[in-house]
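Everything below concerns the one structure shown next.
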Amino acid sequence: MGVLYTAIQHSHSGLRWIVLVLLIAAVLRAVSRRRSGVVYPGKDRLALFAFISVHIQLLLGLLLYLWLSPYGIAADPIETAGTSVANYYNYVHWIVMLLAVTIITVGYIKAKKQAELNKGWKTIAVHYGIGLVMILLAVPWPFYPGLESVGWS
Ligand code: HEM
């Protein structure tokens, strides 16, 4: 199980960059398309890739949280009690990330139905933008106090 844990932890860590790049690109594209008056095509390929990447990240995160990670629900409450890393993973990271993925999902589905109204780009820009900010804030960056040991592996 150690190898699987390491593999999934590294994938989850590395995929953050793809998620961030795709979300930034999708937001910038939605803003510029809307400005230039292009009609939303019903589904946008970049928005779809960003949507898929956050869902893969969610799946990997759930595997870590529910099964593999020593910081997830399997954490030894005595050993991890009161440590900032344990508190962070138990109360902050997954809740904020789950909310962000939900907002992005709602945005993608809503925009699909707004094709004729040409509101789709705005819906993508707003929902993906909010999701992006939440994800940026909830990534365990090494400069967060108490999280020096995580974030760059
Ligand atoms: C788009 C959403 C997400 C991003 C960008 C993200 C990013 C990260 C990053 C960068 C780490 C540090 C990995 C390392 O270097 O050790 C991490 C760890 C972790 N994440 Fe996420 N995450 C996301 C969503 C989630 C969700 C939804 C869950 C749970 C349901 C979750 C559970 C965890 C757990 C348990 C760890 C600790 C892994 C360990 O070191 O044992 N993540 N995440």
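So what is the relative contact order of the chain, in percent, for Cα pairs below 8 Å that sit 6 or more residues apart? The partial results should precede the final answer.
Working: 175 pairs, mean separation 45.3, N = 153.
The value is 30 percent.
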Exercise. Within 10 Å of each residue's Cβ, count the other Cβ atoms and sort Tyr108, Tyr88 from fewest upward.
Key: Tyr88, Tyr108
Practice problem: Give, rounded to the nearest 20 debye, the magnitude of the charge dipole that the stretch 2-138 has about its Cα centre when Lys and Arg contribute +1 at Cβ and Asp and Glu contribute -1 at Cβ. | Solution: 1000 debye
Exercise. With label points built 7 Å along Cα→Cβ from the Cα atoms of Val3 and Ile109, find their separation and express it in nm.
Key: 3.9 nm
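Give, in nm to one decimal, the length gained when the segment between Leu136 and Trp17 is fully stretched (0.36 nm per residue of separation minus the Cα-Cα distance). It would help to have the intermediate numbers written out before the result.
Values: separation 119, 0.36 × 119 = 42.84 nm, distance 1.05 nm.
Taking Leu136 through Trp17 to full extension adds about 41.8 nm, to one decimal.
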Quiz item: Mind checking the angle between helix 120-138 and the chain's longest principal axis? C-alpha axes, 0 to 90 degrees, to the nearest 10.
Solution: 20 degrees
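Tell me, in nm to one decimal, what length is gained between Val92 and Asp76 on full extension, where the rule is 0.36 nm per residue of separation less the Cα-Cα distance?
Working: separation 16, 0.36 × 16 = 5.76 nm, distance 1.79 nm.
Taking Val92 through Asp76 to full extension adds about 4.0 nm, to one decimal.
Estimate the FRET efficiency between Leu48 and Tyr144 by the formula 1/(1 + (r/R0)^6), using the beta-carbon distance for r and 35 Å for R0, to the nearest 0.05. Don't jump to the answer; show the numbers that get you there.
Numbers: r = 31 Å, r/R0 = 0.89.
It comes out at approximately 0.65.
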Quiz item: Taking the simple approach of a point 7 Å from Cα along Cα-to-Cβ for both Leu99 and Trp67, what is their distance in nm?
Solution: 2.8 nm
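Using 0.36 nm per residue of separation minus the Cα-Cα distance, give me the extension gain between His55 and Ala25 in nm, one decimal.
Working: separation 30, 0.36 × 30 = 10.80 nm, distance 1.71 nm.
Roughly 9.1 nm would be gained on extension.
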Quiz item: Which listed residue (Ile124, Leu59, Phe143) has the Cα farthest towards the positive end of the charge dipole for the stretch 53-153, taking +1 on Lys and Arg C-beta and -1 on Asp and Glu C-beta about the Cα centre?
Solution: Ile124
Quiz prompt | Between 0 and 90°, nearest 10: helix 94-113 axis offset from the chain longest Cα axis | solution = 20 degrees
Exercise. Report the FRET efficiency, 1/(1 + (r/R0)^6), for His10 and Glu116, where r is their Cβ-Cβ distance and R0 is 35 Å, rounded to 0.05.
Key: 0.20
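FYI, it's all coordinate maths here, none of it is from the lab. Fair warning: this is a prediction, and the values are worked out from it, not measured in the lab. As a convention, Cβ positions derive from the backbone with ideal geometry for all residues, glycine included, and neighbour counts pool all protein chains shown.
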